[in-house]
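Just so it is clear, none of the values below were taken in a lab; they were calculated from the coordinates. In this text, all values refer to a predicted model and were calculated from it rather than measured experimentally. FYI the Cβ positions are ideal-geometry reconstructions off the backbone, even for glycines, and counts take in every protein chain you see.
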């Protein structure tokens, strides 16, 4: 066998669908976790500087951010390991790779493992869909804030009252209702929108939202690939009915 034929057989054993899904998952999780972590930090600074004078008013919000950042660490670790496992499972169940190594039968354990991956990946995709929708909420809030600031900026050139245009952090559940001031209005709000913290947090939330979408696409791709892998193992199992663990 020549070198070219050997390389072609090795490349034929690569699970490209699982490989693409792994790359998508790594990039999506990196965007979501990295940008989401920093965006929460910037949001805490905005709330502390412009929406709450008493530190006790945003203690609960600060603890929530801290706990969610720990959740982000866990998500990053879990998805890194899970993607590696799914990629390894894709290599194992690729029929071309089995032919390369002389394997012509699948075991009962292999088929059970593949079916478990299908169920688990599908459940993760459904759960991550909720995360994807939730990640759109801060983007929506910051978009409304930017729209209000744009309106204030336009009205400053005309004789009109702008103090009635406000953004109330208490309405979003970030602060208790007795927090002071709890909201920013008029030129104060326009100043907030021009701060580096606001601009950075807004862009980071958009990047985290995009990362969540990429991760959802990766999970859907994994669902397709694991279903195909299970079908391959079922076919190999019929070729060797006596194969067991």
Span from the segment 114-144 Cα centroid across to the segment 29-89 one, whole angstrom: 16
Above 20 angstrom, tally the Cα pairs of segment 138-215 and express them as a % of all pairs, no decimals. 39
In range of the label at residue 59: residues from segment 161-197 whose backbone nitrogen is under 16 Å from the point 7 Å along Cα→Cβ: 175-180
If a/c stays under 1.5 just call it rounded; otherwise compare a/b with b/c (prolate if a/b is bigger, oblate if not). Do that for segment 113-181, with a ≥ b ≥ c from the square roots of the Cα gyration tensor eigenvalues. oblate
Calculate the spin-label point distance for residue 161 paired with residue 144, positioning each point 7 Å from the Cα along the beta-carbon direction, and give it in nanometres. 2.2
Test of understanding: ordering 121, 221, 226 by Cβ neighbours within 10 Å, fewest first, what list do you get? 221, 121, 226
Paramagnetic label zone (point 7 Å from Cα along Cα-to-C-beta, residue 48; backbone N under 20 Å) in segment 189-221: 192-205
Footprinting exposure proxy for 63, 122 (fewest neighbouring C-beta atoms within 10 Å first): 63, 122
Could you please rank 27, 114, placing first whichever residue has the fewest other Cβ atoms within 10 Å of its Cβ? 27, 114
Could you tell me the extents of segment 16-239's C-alpha atoms along the three principal axes, largest first, rounded to whole Å? 82, 36, 22
